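The values are calculated or read from the model by the stated rules, or taken from the named source; none is laboratory data. Treat the numbers as computed from the prediction; the structure is a model and nothing was measured. All Cβ positions, even for glycine, are placed from backbone atoms using ideal geometry, and neighbour counts span all protein chains on display.
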Amino acid sequence: MTHSPSLNTQPSDLQAQADVQVLVARARAAQHIANGYDQARVDELVAAAGWAIIEPTRNRALAELAVADTGIGNVEDKVRKNYRKTFGLLRDLQGAKSVGVIAQDPATGITEIARPVGVVCAITPSTNPAATPANKIINALKGRNAVIVAPSPKGWATSARLLEHIHAEFDRIGAPRDLVQLLPAPISKAATYALMAACDLVVATGSQANVRAAYASGTPAFGVGAGNVAGIVDETADLALAAERILRSKTFDNATSCSSENSLVLLDAVRAPALAALQAHGAVLLTAAQKQQLKAVMWPDGKLSQAVIGQNATVVAQRAGLLDVAALQPRILLVEEDGVGEDHPFSGEKLCPVLTLYGAASFDAAIALVERIYTFQGAGHSVGLHSALPERALRLGLELPVSRVIVDQAHCIATGGSFDNGLPFSLSMGCGTWGKNNFSENMNYRHYLNITRISRPIAERMPSEEAIFGSYFAKFGRA
């Protein structure tokens with residue numbers, strides 16, 4: 001079904017379309033100005049938008065507002081996320097060419113010229129109402145684009161505060177405020193769909209419903225797949241380090257990230273010591289009865305409950321009536337599972353500090369199990385590995401439907417780029433065709449560019465038929 005705003009006939013929908021047209025017209029006028037900027041001026045825009053969220057007082061206020069309004073995550077981790085993800089992105093963009101000629105190859109005769117895409121529609125989630133808009137805004141500005149943010153209703157006030165800060169920085173440097181705008185409250189589906197249809201590019205992060213709507217909008221779109229990350233701990237892993245990394249990842253911002261582990265496969269040879277290491281870092285293993293009690297609260301009607309999303313493990317335990325567990329002040333809750341699929345909801349994404357434990361007799365069995373999990377949910381995203389054997393990471397990359405293999409790292413911190421790995425800093429990770437996406441890398445500034453290529457003549461390079469077909473003919477003959 002196509003979510004086309006032109007099909008809506010309700011007065012409120014028509015008004016939403018009219019309001020959006022005004023925003024887009026202003027954005028196009030501002031983008032026309034930015035189109036004349038040189039690289040130095042563009043990089044001033046980028047720095048201004050970055051400082052708008054990184055400045056310590058603003059950063060903390062945005063984090064506090066995000067938690068107060070959405071009820072999701074925790075302030076200190078959002079402060080860290082706002083800073084690290086934005087500062088890392090600024091590092092990635094420093095010195096990157098995005099205006100005029102960005103590459104020349106004498107061997108091919110090809111010259112590449114960066115051009116803006118125009119006006120970007122940025123769909124952003126309630127889990128990151130400051131960090132994700134900032135990431136998309138900065139990338140869009142790097143390409144001399146205008147951007148209009150369509151936040152989740154719960155995250156609107158935080159995004160609005162962020163834009164106030166960006167506009168204040170733009171005023172300092174004399175840049176047009178209309179380069180960065182926000183859908184007015186109250187956020188409606190009609191307005192969001194109208195914005196998708198009216199812009200030149202949609203970048204959608206959040207629910208799969210929003211991603212599908214972006215793809216159906218008629219506008220070129222980048223969307224992300226569903227999260228449901230699994231991790232593997234094998235018999236060669238440093239169990240103490242693995243446990244620390246897993247707990248650090250699973251507790252960050254109360255596991256609201258799509259990159260947080262939801263399942264952990266422990267090889268049988270190290271199951272007992274690996275479990276002990278997790279418990280030493282504050283994990284609490286639930287009994288079978290406690291697991292059922294938790295299940296009833298997490299999926300009361302077959303759908304993940306808002307009561308647990310983005311809450312810490314103690315609150316989740318309290319809301320499940322597990323008061324003895326809550327009294328232990330757990331960092332995460334562990335549940336054991338052996339099934340996968342709709343009848344086993346703990347095999348899916350949970351968006352809270354609940355981690356599902358599986359066992360596997362061998363590494364081959366672990367791979368097969370993770371593939372089953374991703375067939376149910378999470379295909380294309382990422383897999384974690386804690387192992388001393390480099391060849392096992394290569395096997396995962398060759399055999400599993402994943403776009404990233406994260407080795408010996410805190411997964412949710414590493415997969416979106418980190419200062420100690422080479423992935424680009426991003427809050428939007430493509431999941432390839434496995435996750436029904438049209439890209440499989442971390443989204444970056446180049447996704448916000450059109451590239452014009454000049455082709456000049458070079459010396460002819462035409463091989464002989466023997467060079468192309470020689471080995472084929474030698475093996476199979478010519479006829």
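Could you grab me the full set of residues in region 75-98 that are outside any helix (DSSP H, G or I) and surrounded by fewer than 19 Cβ atoms within 10 Å (Cβ to Cβ)?
Step one: of region 75-98, the residues outside any helix (DSSP H, G or I) are 94-98.
Within region 75-98, GLN94, GLY95, ALA96, LYS97 meet the criteria.
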ask   = Right, VAL211: β-branched (Val, Ile, Thr), in contact with a Ser or Thr (Cβ under 7 Å, 6 or more places away or on another chain) and either over 23 Å from ALA25 (Cα atoms) or modelled with pLDDT of 95 or more (or both) or not?
value = no
inquiry  = Exactly one of these conditions fails for ALA107: (1) over 23 Å from the mean Cα position of the chain (by Cα); (2) over 22 Å from VAL147 (Cα atoms); (3) buried (at least 18 other Cβ atoms within 10 Å of the Cβ); (4) of a type in the set (A, V, I, L, M, F, W, C). Give me its number.
reply    = (3)
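Checking the conditions here, which among SER418, SER403 is over 30 Å from ALA272 (Cα atoms), among the polar types (S, T, N, Q) and without any contact (Cβ under 8 Å) to a residue 40 or more places away in the chain? Don't jump to the end; show me each part of the working.
Working: SER418 fails: without any contact (Cβ under 8 Å) to a residue 40 or more places away in the chain.
Of SER418, SER403, the one residue that is over 30 Å from ALA272 (Cα atoms), among the polar types (S, T, N, Q) and without any contact (Cβ under 8 Å) to a residue 40 or more places away in the chain is SER403.
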task = Kindly establish whether GLY218 is assigned to a loop (DSSP other than H, G, I, E, B) and either within 30 Å of ASP268 (Cα to Cα) or in contact with a Gly (Cβ under 6 Å, 6 or more places away or on another chain) (or both).
result = no
request  = Take ILE309 and decide whether it is at pLDDT 95 or above, assigned by TED's automatic domain parsing to the domain that holds ALA243 and in a loop (DSSP other than H, G, I, E, B).
outcome  = yes
ask   = Within region 375-414, which residues are within 16 Å of the chain's Cα centre (by Cα) and either part of a helix (DSSP H, G or I) or not assigned by TED's automatic domain parsing to the domain that holds VAL340 (or both)?
value = HIS411, CYS412, ILE413, ALA414
task = Answer yes or no: is there a residue in region 299-314 that is more than 22 Å from the chain's Cα centre (by Cα) and over 29 Å from THR205 (Cα atoms).
result = no
inquiry  = Being surrounded by 20 or more Cβ atoms within 10 Å (Cβ to Cβ) and either closer than 22 Å to THR251 by Cα or of a type in the set (Lys, Arg) (or both) is true for just one of ALA360, ALA414. Which residue is that?
reply    = ALA414
Cβ-Cβ under 6 Å pairs, at least 6 apart or on other chains, region 456-479 side touching a residue at least 24 places away in the same chain (Cβ under 8 Å), far side in a loop (DSSP other than H, G, I, E, B) = ARG456/GLY109; ILE458/GLY109
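Any chance you could count how many residues in region 75-104 are touching a strand residue (DSSP E or B) at 6+ places or on another chain (Cβ under 8 Å) and without any contact (Cβ under 8 Å) to a residue 12 or more places away in the chain? Don't jump to the end; show me each part of the working.
Residues of region 75-104 touching a strand residue (DSSP E or B) at 6+ places or on another chain (Cβ under 8 Å): 97-104.
Filter once more, so that each one left must be without any contact (Cβ under 8 Å) to a residue 12 or more places away in the chain: 103-104.
Counting residues in region 75-104 that are touching a strand residue (DSSP E or B) at 6+ places or on another chain (Cβ under 8 Å) and without any contact (Cβ under 8 Å) to a residue 12 or more places away in the chain gives 2.
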note = Condition set surrounded by 14 or more Cβ atoms within 10 Å (Cβ to Cβ) and more than 30 Å from the chain's Cα centre (by Cα), scope region 15-36, selection nearest to ILE187 (Cα to Cα): answer is GLN15
